[in-house]
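Colleague: One structure coming up, written as structure tokens, with questions to follow.
The values are calculated or read from the model by the stated rules, or taken from the named source; none is laboratory data. Being a predicted model, the structure only gives us computed values, none of them experimental. In case anyone asks, the SASA skips ligands and DNA or RNA and just uses the protein heavy atoms, side chains included. Shrake-Rupley method; radii C 1.70, N 1.55, O 1.52, S 1.80 Å.
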Amino acid sequence: MSTILLVEDTLDMQMLLRDLLVLDGHEVLLARTGAEGVEVLRDCGDLLPDLIISDANMPIMDGYELLEVVRSEPQWAHLRFVMMTANVADERLTLLSGLDGIFPKPFSLDELRVALGVLN
């Protein structure tokens, strides 16, 4: 079983993804903004998640800013990070280094499982 930090500001989408991930056998930590995601990571101590799945566009701190924070912290830099977005053509995505995957919103179960493939 893997632990996944899910960062999504839309409650319905967050609950849907959480339920799908739990049904797939994962433990899920939740955050509604990138800033909350940072707090969750700080609270994890040494028991860090195996994967972060983050929405790209959120208030307060978006997924791009969260990725920057995660990659800048030595204790988190190794964490796998997948971005989900309704705009997969966003040129910022092609410029990002350290991103382990991208999947579209809306998504199919197959696309979610491909994104989870980075855990293997």
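Colleague: When all C-alpha to C-alpha distances in the stretch 1-116 are sorted into bins of 5 Å, what percent of pairs does each bin hold, rounded to whole numbers?
Modeller: In order of increasing distance, the bins hold 2, 12, 25, 28, 21, 10, 2, 0 percent.
Colleague: For the chain, what is the accessible area per residue in Å² when the probe is 1.4 Å? Present the calculation step by step, with values, prior to reporting the outcome.
Modeller: Working: 6280 Å² over 120 residues.
I get 52 Å² per residue for the chain.
Colleague: Also, I was wondering about something else. Could you check how much of the accessible area of the chain is carbon and sulfur, as a whole percent, using a 1.4 Å probe? Can you show the working numbers first?
Modeller: On the way: 3330 of 6280 Å².
In the chain, the share of accessible area belonging to carbon and sulfur is 53 percent.
Colleague: Also, I was wondering about something else. Under the definition of Cα pairs under 8 Å and six or more residues apart, what whole-number percent is the relative contact order of the chain?
Modeller: Values: 190 pairs, mean separation 26.0, N = 120.
Result for the chain is 22 percent.
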